[in-house]
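Student: Please find one structure pasted underneath; my questions will follow.
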Amino acid sequence: MNLIFLGAPGAGKGTQAEVVTKKLNIPAISTGNILREAVKNGTAQGIEAKKYMDSGELVPDEVVIGILKDRISQDDCKKGFVLDGFPRTVAQAEALENMGIKIDKVVEIYVSDEDIIERLSGRRVSEISGVSYHIKYKPPKVEGICDVTGEKLIQRDDDKPETVLHRLKTYHEKTAPLKDFYQKQGKLVTVIGQEKVADTTKLTFEAIGI
Ligand code: AP5
């Protein structure tokens, strides 16, 4: 099954992608995680991308499309995948079509802007595993420590309040039009994000039909 998870920053795409991919035994492809890895490794691509990410802007289409093309051509994607954070512009969605990739469903996770701000201010992440937690809604077993790697959790640079507001604005202007794009193709299903992660998971499974 080839799925896209669409939604505002912090809507819970990564959190739901983690459970869905475990259940279906397919990989999650997060362009955000790939870009953060490039930033951490100090590659030329990472240095260039960091400017956009830190200010809450989208990284240019040609860069992200190139990254996606490389990742999706790998063997583990042959039996399906979940795209988390791609496409984010109509140009990226068209590029996916031009690659000949058939998408089965696009799951929009809807959360109000007000709740997004609360979620992102409490998010803590593991730099190594990429797993994300929330100090109130999804706490790790030991405060401040990743359950998987045992490392200290950090707050993402782009989760600062002023950057979050800009990311939301970017989402509404550039990414939200994709809802219409996929609605016209009859592929869009909307899940209303719930306060409990498990409740959103239940609705997500129902929306996908798994
Ligand atoms: P990216 O990493 O994709 O960030 P994003 O889309 O802004 O999404 P997030 O990862 O912030 O949130 P999420 O929806 O996955 O939420 P999560 O599950 O963590 O992109 C970062 C940057 O990279 C972009 O700004 C851009 O610059 C660049 N980029 C990436 N892809 C690009 C592309 N295709 N084109 C151009 N540029 C690109 O959940 C958030 C928090 O809420 C967590 O703490 C979680 O524990 C908690 N939570 C989750 N679900 C619930 C729930 N039901 N109830 C309560 N809390 C919950």
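The values are calculated or read from the model by the stated rules, or taken from the named source; none is laboratory data. It should be emphasised that the depicted structure is a prediction, and the values quoted were computed from it without experimental measurement. Don't worry about glycine lacking a Cβ; one is built from the backbone with ideal geometry, like all the others, and counts go over all protein chains shown. Side chains included, ligands, DNA and RNA excluded: accessible areas come from the protein's heavy atoms. Shrake-Rupley method; radii C 1.70, N 1.55, O 1.52, S 1.80 Å.
Student: What are the ³J(HN,Hα) values, in whole Hz, obtained from phi via the Karplus relation 6.51 cos²θ - 1.76 cosθ + 1.60 with θ = phi - 60°, for each residue of the range 95-107 in sequence order, with x given for Gly and Pro?
Tutor: Per-residue couplings from phi come out as 4, 4, 5, 5, 7, x, 8, 8, 9, 7, 8, 10, 9 Hz.
Student: Roughly speaking, what % of Cα-Cα pairs in the chain are separated by over 22 Å, rounded to a whole number?
Tutor: Working: 10518 of 21945 pairs.
Percent of Cα pairs beyond 22 Å in the chain: 48.
Student: Please report, as a whole percent, how much of the solvent-accessible surface of the chain comes from carbon and sulfur atoms (probe radius 1.4 Å). Could you put the intermediate results ahead of the total?
Tutor: Values: 5710 of 10770 Å².
Carbon-and-sulfur percentage of accessible area, whole number: 53.
Student: Also, I was wondering about something else. Which pairs in the list Lys69/Lys169; Lys23/Lys136; Lys141/Lys196 are over 21 Å apart, alpha-carbon to alpha-carbon?
Tutor: The pairs that break the limit, which is 21 Å between Cα atoms, are Lys69/Lys169; Lys23/Lys136.
Student: Follow-up. Can you give me the relative contact order of the range 11-164 as a percent, contacts being Cα pairs under 8 Å and 6 or more apart?
Tutor: Result for the range 11-164 is 24 percent.
Student: Would you mind checking which residues have amide H under 5 Å from Asn2's amide H? H placed 1.01 Å from N; only 5 or more apart, or other chain.
Tutor: Long-range HN contacts for Asn2: Phe81, Asp104, Lys105.
Student: May I ask you to evaluate 6.51 cos²θ - 1.76 cosθ + 1.60, the Karplus curve with θ = phi - 60°, for each residue of the range 38-47 and list the ³J(HN,Hα) values in order in whole Hz, giving x for glycine and proline?
Tutor: Running phi through 6.51 cos²θ - 1.76 cosθ + 1.60 with θ = phi - 60° gives 5, 5, 4, 7, x, 6, 4, 5, x, 4 Hz.
Student: How much area per residue is accessible in the range 97-142 when the probe is 1.4 Å and only protein heavy atoms are counted (Å²)? List each step's numbers first, then the result.
Tutor: On the way: 2570 Å² over 46 residues.
Roughly 56 Å² per residue, with all protein chains present.
Student: What does the charge count around Ala38 come to, taking other residues whose C-beta lies under 10 Å from its C-beta (Lys +1, Arg +1, Asp -1, Glu -1)?
Tutor: Taking every other residue near Ala38 into account, the sum is +1.
Student: Same structure again: Taking the Cα centre of the chain as origin and charging only Cβ (+1 Lys, Arg; -1 Asp, Glu), how large is the dipole, in debye to the nearest 20?
Tutor: Roughly 440 debye, rounded to the nearest 20.
Student: Which trypsin sites (Lys or Arg not before Pro) in the range 76-158 sit in a loop by DSSP (not H, G, I, E or B) and have at most 12 other Cβ atoms within 10 Å of their own Cβ? Show your work: numbers first, answer last.
Tutor: On the way: sites: Lys78, Lys79, Arg88, Lys102, Lys105, Arg119, Arg123, Arg124, Lys136, Lys141, Lys152, Arg156; in loops: Lys78, Lys79, Arg88, Lys102, Lys136, Lys141, Arg156.
Within the range 76-158, the qualifying trypsin sites (Lys or Arg not before Pro) (loop, at most 12 other Cβ atoms within 10 Å) are Lys78, Lys79, Lys102, Lys136, Lys141.
Student: Once amide H atoms are placed 1.01 Å from N in the peptide plane, what residues at a sequence separation of 5 or more from Ala8, or on another chain, have their amide H within under 5 Å of its amide H?
Tutor: Val111
Student: Now a separate question. Around Val20, under 13 Å between beta carbons, what's the net of Lys plus Arg minus Asp minus Glu among the other residues?
Tutor: +1
Student: Could you pull out every residue, at least 5 positions away or on a different chain, whose amide H is within less than 5 Å of the one on Leu153? Hs are placed 1.01 Å off N in the peptide plane, and Pro or chain starts have none.
Tutor: Ile145, Cys146
Student: Now for a different question. Just subtract the alpha-carbon distance of Val197 and Leu165 from 0.36 nm times their residue separation and send over the number in nm, one decimal. Please report the intermediate quantities before stating the final value.
Tutor: Details: separation 32, 0.36 × 32 = 11.52 nm, distance 2.30 nm.
Full extension of this stretch gives 9.2 nm more.
Student: Using 0.36 nm per residue, how much length does the chain from Met1 to Glu118 gain when fully extended, once their Cα-Cα distance is taken away?
Tutor: 38.9 nm
Student: While we're here: For the range 183-194, what does the Karplus curve 6.51 cos²θ - 1.76 cosθ + 1.60, with θ = phi - 60°, yield as ³J(HN,Hα) per residue in whole Hz, taken in order and with x for Gly and Pro?
Tutor: 4, 4, 8, x, 9, 7, 10, 10, 10, 7, x, 9
Student: What's the center-to-center distance, using Cα atoms, between the range 180-210 and the range 55-89 in Å?
Tutor: Answer, in whole Å: 20.
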